[in-house]
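**Q** What follows is a structure written as structure tokens; I'll ask about it next.
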Amino acid sequence: MVLATAQDHSPWLRHLDYPDLAIWQLLERTAQRFPDRPALRFFGRTTTYRQLMASVERFAQGLVASGVRPGDRVALVLPNAPQMVIAYYGAMRAGALVVPTNPLYTPREFGIQMRDAEPRAVVALDLVVPRLKDEIGKALLVTTRIRDYLPPLLGFLQGLREKGPEMPRESISLERLLGAGQGATLPEPGSADDVALLQYTGGTTGVPKAAMLSHRNLVANALQAEAWMPSYQAGQERVLAVLPFFHVFGMTVALNLGILTGAEIDLVPRFNPEETAREVRRFKPTLFPGAPAMYQAVADSPHVERWNIRSIRYCISGSAPLPLELQERFERLTGGVLVEGYGLTEASPVTHCNPLGGERRSGTVGRTFPDTLQRILDPENPTRELPPGEVGELAVKGPQVMLGYWGPPAETAAVLQDGWLRTGDLGMIDEDGYCSIVDRKKDVIIVSGFNVYPREVEEVLLRHPGVREAVVVGVPDERRGQVVRAVVVPWPDRRPTVEELQAYCRERLAGYKTPRQFELREELPRTAIGKVLRRVLVAEATEQKKEE
């Protein structure tokens, strides 16, 4: 394969020093540097870096005393709360591999992940246990309650309102585990190239796969993110952690980056538009990583114009395209900078971002992170690299790229070749190295033999003054193979008709790209980080067609 050379001279491809550290050692170093600085804030309760590191050590000792050994897996089924942070770094301190798991999963989804990872221990929120307990096999079940880490009065009131389900007799509380391992000998830090995390992909096209992310991968991506913010100051920043830590985007740009730099991290266990807007006002974060849906919800809050949310300096948006109108509006409200980035689970996850200090190019995901290469491959002949300006499959290479998938090596070989990760995304690189994501390879719609890229159609629809959100999918059609269907969320005060939208698209798109089906709805199905579930929309449209 021909290696990419177009960016070898680029100033953006600068080299960083990556220390041979486990990810938990970033916390250890920060606790030594800023021992009394607040590390976590949770509904008014503060945990300092010294206190956090002590809890991590106790948690690791409790696991070791319970029989967890280096290489064992520890699943975490927790929201953004102090317990998640303690268990995340504590499990790694014990030498275990962390398996972050979405607390909103159904028993079936829990079962798939647990059978694949085979955890030795599972740390779960008490409210999740009824859906989880029958799926964990012989794993040690460690339970915790949200109110355990609330301020005393708030925790008391929460206990009065919500008793919680009864826990299995064989389970152990997190508080008991923290006191159970005093004196247990912890293992020496392993290699930075050891697996730290089994991060499962979203599973939108089948059974989820776990990307094996090493300590080096995670440390590198946190350092790359820090280097991307030219005026970011260690020991002085505040991070709004509303992106869930069980997703690798939130884990890297909110948790690991925050811990690396001694930031105060404000933990938000679930996203609620009004609550998040109020939290921005109260906490005054300087860094707010999120998804477009989150920024949109905050910007739409009825009182946001008179609230002072101008503490925000940096916003890195991921998981979905960032509309230009939203970017400009949010920046007017905050005075900060909102940029679109790009990444994927298999790359820890960030590989690209528009500059936070420099030229931003709307419609692109920016340039590659430091020490990260990119190239565009011919979809029909992936051994051939395409020149700037041509559309093909994006491939990336860098210190944040995974070791491989947990399981059969054939799945790793299909996407990871000579250190290059084939992303499955169709993209284009311009002469200056800015990358545009055209679409997911699997999302391309083929209408009568012509390729239709959903993102192109979505961008046209989003320019209509009555369209707040738009998602385009392909649905089966007997004559054409597929036809284009647009699902649109209108603005409340400017609701367009289907005929108006169709005429608007016809003026701006080729006939085969113009949606033949339109649906107006109040909201879109989303994942926990705000990513639109296209597969749900496709399934709904396909089922509707069968019934016609």
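Bear in mind that the values in this text are calculations on the coordinates, not laboratory data. Since the model is a prediction, treat every value here as computed from it, not as a measurement. Cβ sites come from the backbone with ideal geometry, for glycine too, and all protein chains shown count toward neighbours.
**Q** If you filter segment 280-360 for trypsin sites (Lys or Arg not before Pro), then keep DSSP loop positions with at most 14 other Cβ within 10 Å, what is left?
**A** For trypsin sites (Lys or Arg not before Pro) across segment 280-360 that sit outside H, G, I, E and B with at most 14 neighbouring Cβ atoms in 10 Å, the list reads Arg306, Arg310.
**Q** Can you give the net charge of the other residues whose Cβ lies under 10 Å from the Cβ of Phe283, counting K and R as +1 and D and E as -1?
**A** +3
**Q** Based on DSSP H runs of at least 4 residues, each adding -39500 (n - 2.57), what is the mean residue ellipticity at 222 nm of the chain after dividing by all its residues, to the nearest 500 deg cm²/dmol?
**A** Value at 222 nm, helices only, nearest 500: -8500 deg cm²/dmol.
**Q** Further question on the same structure: Quote to one decimal, in nm, the extra length available between Ala184 and Arg535 on full extension: 0.36 nm per residue of separation minus the C-alpha distance between them.
**A** Contour length minus Cα-Cα distance gives 121.6 nm.
**Q** Rounded, prolate or oblate for segment 262-318? Axes are the square roots of the Cα gyration tensor eigenvalues, ordered a ≥ b ≥ c, and the cut-off for rounded is a/c under 1.5.
**A** Taking the square roots of the gyration eigenvalues as a ≥ b ≥ c, segment 262-318 is rounded.
**Q** Relative to the longest principal axis of the chain, what angle (0 to 90°, nearest 10) does the C-alpha long axis of helix 215-227 take?
**A** 60 degrees
**Q** Ranking request for peptides 399-405, 118-124: highest mean number of other beta-carbon atoms within 10 Å first, then the rest in descending order.
**A** 118-124, 399-405
**Q** Find the Rg to Rh ratio for segment 161-269, where Rh is the Kirkwood radius over alpha-carbon pairs and Rg uses the same atoms.
**A** On the Cα set of segment 161-269, Rg over Rh gives 1.04.
**Q** Using 32 Å as the Cα-Cα cut-off, could you pick out the over-long pairs in Lys138/Lys546; Lys138/Lys442; Lys442/Lys546?
**A** Lys138/Lys546; Lys138/Lys442
**Q** List the pair-distance distribution P(r) of segment 221-278, using every Cα-Cα distance, as the percent of pairs falling in each 10 Å bin from 0 up to the bin containing the longest distance, rounded to whole percents.
**A** Each 10 Å bin holds this share of Cα pairs: 24, 52, 23, 1.
**Q** Compute log10 of I(q)/I(0) for the chain with the Debye formula, placing one identical point scatterer on every Cα and leaving out solvent, at q = 0.09, 0.11 Å⁻¹, to two decimals.
**A** Reported log10 I(q)/I(0), two decimals: -0.68, -1.03.
**Q** Per residue and in cubic angstrom, what volume does the convex hull of the Cα atoms of segment 507-548 have?
**A** Convex hull of Cα atoms, per residue: 123 Å³.
**Q** Sticking with this one: Check which residues have an amide H placed less than 5 Å from Leu78's amide H, if you skip close sequence neighbours.
**A** Thr101
**Q** Helix 273-283 against the longest principal axis of the chain: what's the angle in degrees, Cα atoms only, rounded to the nearest 10?
**A** That works out to roughly 50 degrees.
**Q** In addition: If the cut-off is 28 Å between C-alpha atoms, which lysines fall inside it for Lys284, apart from same-chain ones fewer than 8 positions away?
**A** The reachable lysines, counting only those whose Cα sits under 28 Å from Lys284, are Lys531.
**Q** For Thr351, enumerate residues with amide H under 5 Å from its amide H, sequence gap 5+ or separate chain, H modeled in the peptide plane.
**A** Answer set, sorted by chain and number: Tyr342, Gly343, Leu344.
**Q** According to the square roots a ≥ b ≥ c of the eigenvalues of the Cα gyration tensor, what is the shape class of segment 49-190, taking rounded for a/c under 1.5, prolate for a/b larger than b/c otherwise, and oblate for the remainder?
**A** oblate
**Q** For helix 82-93, report the angle its Cα long axis makes with the longest principal axis of the Cα atoms of the chain; keep it between 0 and 90° and round to the nearest 10°.
**A** On a 0 to 90 degree scale, this one is about 80.
**Q** Still on this structure, please answer the following. So if I take the centroid of the Cα atoms in segment 345-402 and the same for segment 239-313, what is the distance between those two points in Å?
**A** A separation of 26 Å, based on Cα centres.
**Q** May I ask what percent, to the nearest 5, of DSSP beta bridges between residues of the chain are antiparallel?
**A** So the antiparallel bridges in the chain amount to around 60 percent.
**Q** What is the antiparallel percent of DSSP beta bridges lying wholly in segment 444-547, to the nearest 5?
**A** Expressed as a percentage, antiparallel bridges in segment 444-547 total about 80.
**Q** Measuring from centroid to centroid over Cα atoms, what is the spacing of segment 98-133 and segment 29-69 in Å?
**A** With segment 98-133 and segment 29-69 each reduced to a Cα centre, they are spaced 23 Å.
**Q** Over every pair of different alpha-carbon atoms in segment 467-548, take the mean of 1/r and invert it; report that Kirkwood radius in Å.
**A** Kirkwood radius, segment 467-548: 13.6 Å.
**Q** Can you spot the lysines whose alpha carbon is less than 19 Å from Lys163's alpha carbon? Ignore those fewer than 8 places along the same chain.
**A** The qualifying lysines are Lys133.
**Q** Just need the relative contact order of segment 49-190 here, percent rounded to a whole number, with Cα pairs under 8 Å and 6+ apart.
**A** Over segment 49-190, the number comes to 31 percent.
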